[in-house]
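Just so it is clear, none of the values below were taken in a lab; they were calculated from the coordinates. This structure is a prediction, so every number in the text was calculated from the model and none was measured. Methodologically, a virtual Cβ is constructed for each residue, glycine included, from the backbone with ideal geometry; neighbour enumeration extends over all protein chains shown.
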């Protein structure tokens, strides 16, 4: 019942975390619910809070808040992209 | 009272002429009048006639029929361009 | 090979030549080359580091190319994007599109760049005299990409 | 040197490098390369000969570049157009534009090509199995150039 969570760029720096293995708690079944849960972990995790410009990917594809999170998924959170 | 006239591409081939020195007759004072005069020279010169898709330049700039023709000018007639 | 995400530099002339090599039906090659500027947001930039999301970045670029090929009839497409530390004047990104005529190659090349800017996971960290800073996404990039949704630029 | 009208081939990679050489404020280089196609209007093309109007051709291209520079803020522009006999796969024309950001370089590059196609005195004579024939101007080229008059593509 675990997922891999990745953080990139400024979000990675603020959180001090690149990657974690995360056991899905009950009540967390979508990308949006996962993000809300993580945002409540403590002060620095507010960077994931509502109103912050954070994008998410599920299994390496851009994801919407309503997209499901299933065991074994790779979920990523990152700021808007700035390549090119 | 002469002008240099140049012909290019398909027009050059049809007329069998690349360049000529031309003495301006009275009544020919614009690019359009020059073109009409030339078109009346004979059968093959109808390629310059009204309704034919011919462009003109005066002193190496695109010219309109109403543009003046003055002694010493270089006038060119050619089909629509197809480079690039 | 259509998409490359790499630390190494690339040879623009060779990439352009490859787009039409052995394809005499190619009449038009439109390309874009992005370079590191020595100035950004009013600050001088000594260098930048490009971070990416290995796996997703390549897949995103491939998907953008698939979309471009679905919109326009193209003979060849090439996308190269570098990551890691780069200095002013260094090449960052190359997009090349080969087709029969110029309209579709210009449109496809610009489409790919606009989508890359908003959908491919890359992030720039700039080194300036005021310290290192992550580049903010620009609203103008979102609106550039949005143009293609409205059907206004089918070329 | 901004404009060249020449019989000789050119080095695309070197031309693109020159557009940003020593200019670290360049962030974007958009280019277009036109090649001889082996097919045209349903016929196979063995070769073509490009005729031009020495003097006026160069002046026309310079004027088009002046107009592009008046519309957009550009750091460097390069236009090369060949004349004489060319075979399928041969390079015909190169337009390269360097600027700060991509939008203006894409727009200026396409603008220059659209105007070149309708305003620069070049004419193509194609050699086909049915004989040599002068290429007709295309209405689509006129409408491509007309877009820029309507203010619809300021980018």
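Enter the angle in degrees (range 0 to 90, nearest 10) between the Cα long axis of helix D:56-71 and the first principal axis of the Cα atoms of chain D, meaning the one along which they spread out most.
On a 0 to 90 degree scale, this one is about 30.
Report, for the protein assembly as shown, the % of DSSP beta bridges that are antiparallel, rounded to 5.
Beta bridges within the protein assembly as shown, antiparallel portion: roughly 85 percent.
Sorted from fewest to most neighbouring beta carbons within 10 Å, what does the list A:24, B:11, D:116, D:33 look like?
A:24, B:11, D:116, D:33
Sorting C:48, B:1, B:62 on the 10 Å Cβ count, fewest up front, what's the list?
Fewest-to-most Cβ neighbours within 10 Å comes out as B:1, B:62, C:48.
Output the relative contact order of chain A, whole-number percent, from Cα pairs under 8 angstrom with separation of 6+ residues.
40
Please find the FRET efficiency linking residue D:69 to residue A:74, where r is the Cβ-Cβ separation and R0 is fixed at 35 Å, and quote it to the nearest 0.05. Display every interim value, and only then the final one.
Numbers: r = 49 Å, r/R0 = 1.39.
Plugging the Cβ-Cβ distance into 1/(1 + (r/R0)^6) gives 0.10.
When only alpha-carbon atoms count, how far does the range C:35-121 stretch along each of its three principal axes, as whole angstroms with the largest first?
Taking the Cα atoms of the range C:35-121, the three principal extents are 41, 28, 18 Å.
In chain C, what is the volume of the convex hull around the alpha carbon atoms, normalised per residue and reported in Å³?
In chain C, the Cα convex hull volume per residue is 107 Å³.
Write down the percent of antiparallel bridges among all DSSP beta bridges whose residues are both part of chain C, to the nearest 5.
Roughly 90 percent of the DSSP beta bridges within chain C come out antiparallel.
Compute the long axis of helix D:102-119 from its Cα atoms, compare it with the longest principal axis of the Cα atoms of chain D, and write down the angle in degrees, 0 to 90, nearest 10.
40
Contact order normalised by length for chain C, with contacts defined as Cα pairs under 8 Å and 6 or more residues apart; what percent is it?
Across chain C, relative contact order equals 31 percent.
Quick one: work out the % antiparallel among DSSP beta bridges in chain B, nearest 5.
The antiparallel proportion sits near 75 percent.
Please give the FRET efficiency for residue C:87 paired with residue A:36, using the beta carbon to beta carbon distance and R0 = 30 Å, rounded to the nearest 0.05. List each step's numbers first, then the result.
Working: r = 41 Å, r/R0 = 1.36.
Efficiency, from the Cβ-Cβ distance: 0.15.
Suppose a student asked you for the relative contact order of the range D:1-76, using Cα pairs under 8 Å spaced at least 6 residues apart; what percent would you report?
Taking the mean separation of contacting Cα pairs over the length of the range D:1-76, I get 40 percent.
Fewest first, what order do A:54, C:79, B:69, D:39 take by the number of other Cβ atoms within 10 Å?
D:39, A:54, B:69, C:79
Once chain A is represented by equal point scatterers at the alpha-carbon sites, with solvent omitted, what log10 I(q)/I(0) does the Debye formula produce at q = 0.20 Å⁻¹?
Cα-only, vacuum Debye calculation for chain A: -0.87.
Which of the three applies to the protein assembly as shown, rounded, prolate or oblate, going by the alpha-carbon gyration tensor with a ≥ b ≥ c and a/c under 1.5 meaning rounded?
prolate
For the range D:91-129, list residues with backbone N below 18 Å from a point placed 7 Å from the Cα of residue C:39 toward its Cβ?
Output list for this probe position: D:98-105.
Roughly how many Å is it from the Cα centre of the range B:28-84 to that of the range C:56-90, as a whole number?
Computed from Cα coordinates, the inter-centre distance equals 49 Å.
Add -39500 (n - 2.57) for each DSSP H run of 4 or more in chain A, then divide by its residues: what number comes out at 222 nm, to the nearest 500 deg cm²/dmol?
Details: 2 runs with 16 residues, N = 84.
One gets -5000 deg cm²/dmol as the mean residue ellipticity at 222 nm.
Given a Förster distance of 45 Å, report the FRET efficiency between residue D:47 and residue A:50 from their Cβ-Cβ distance, rounded to the nearest 0.05.
E(calc), rounded to 0.05, equals 0.10.
Shape of the range C:75-155 from its Cα gyration tensor (a ≥ b ≥ c, root eigenvalues): rounded if a/c is under 1.5, otherwise prolate when a/b > b/c, or oblate?
oblate
Points 7 angstrom from Cα along the Cβ direction at residue D:62 and residue D:130: gap in nanometres?
4.0
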